[in-house]
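Structure, as structure tokens:
Bear in mind that the values in this text are calculations on the coordinates, not laboratory data. A quick note: this is a predicted structure, and the numbers were derived from the prediction, not measured. Heads up, the Cβs are rebuilt from the backbone with ideal geometry, glycines too, and the neighbour counts pull from every protein chain shown.
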Amino acid sequence: MTEPLAIVFYERLMPGSQLVNRLQDLNYRVLAVNNAALLVTAAKRETPLLLFIDLATPGDVCGAIARLKSEPATSHLPVIAFAPDSEPALLDAAQKAGANFAVTETAVISHLPQLLEQALHLD
């Protein structure tokens, strides 16, 4: 069986690389993307199981989330957005843009298995 693919968008080394390592420890293949404008294209081309998006980066990150959720080919993909603990406004903006989960970077690292289970839960 092939390992599931997760796309991780980040520019900040921490927590991005830490998240990539944790996902790999959980037997995920990881595609790192560092340009918000390429998220939709990468998600269409690579067909990941889910996406992780670091909100604390320059550019229109919430716009990229909204585009992911508006595209028929990617709208079903779970999006877990994360931001520094000190930036709750970024989390609110991500939820409004359509992220399935918006959590602090501490939570995304500390509770990754639980987040994955919730994000991939089928009703």
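Details
- Report summary: the helix-based calculation at 222 nm, which adds -39500 (n - 2.57) for every DSSP H run with n ≥ 4 and divides by the residues of the chain, gives -13000 deg cm²/dmol.
- Using a Förster distance of 25 Å, the FRET efficiency for Ala37-Arg12 (Cβ separation, nearest 0.05): 0.90
- Summed residue charge, Cβ within 14 Å of Ala64's Cβ, Lys/Arg positive, Asp/Glu negative: 0
- Coordinate range of the alpha-carbon atoms in the stretch 1-55 per principal axis, descending: 31, 26, 11 Å.
- Rg [Å, one decimal], Dmax [Å, integer] - the stretch 43-98, C-alpha atoms: 11.2, 34
- Average projection area in nm² (convex hull over Cα atoms of the chain, one quarter of hull surface): 7.1
- Mean Cβ neighbour count within 10 Å, used as a protection proxy, ranking 69-82, 107-120, 48-61 highest first: 48-61, 69-82, 107-120
- Rel. contact order, % - alpha carbon contacts under 8 angstrom, at least six apart, the stretch 1-107: 24
- The modelled label-to-label distance between Arg29 and Ala56, using points 7 Å beyond Cα along the C-beta direction, is 3.1 nm.
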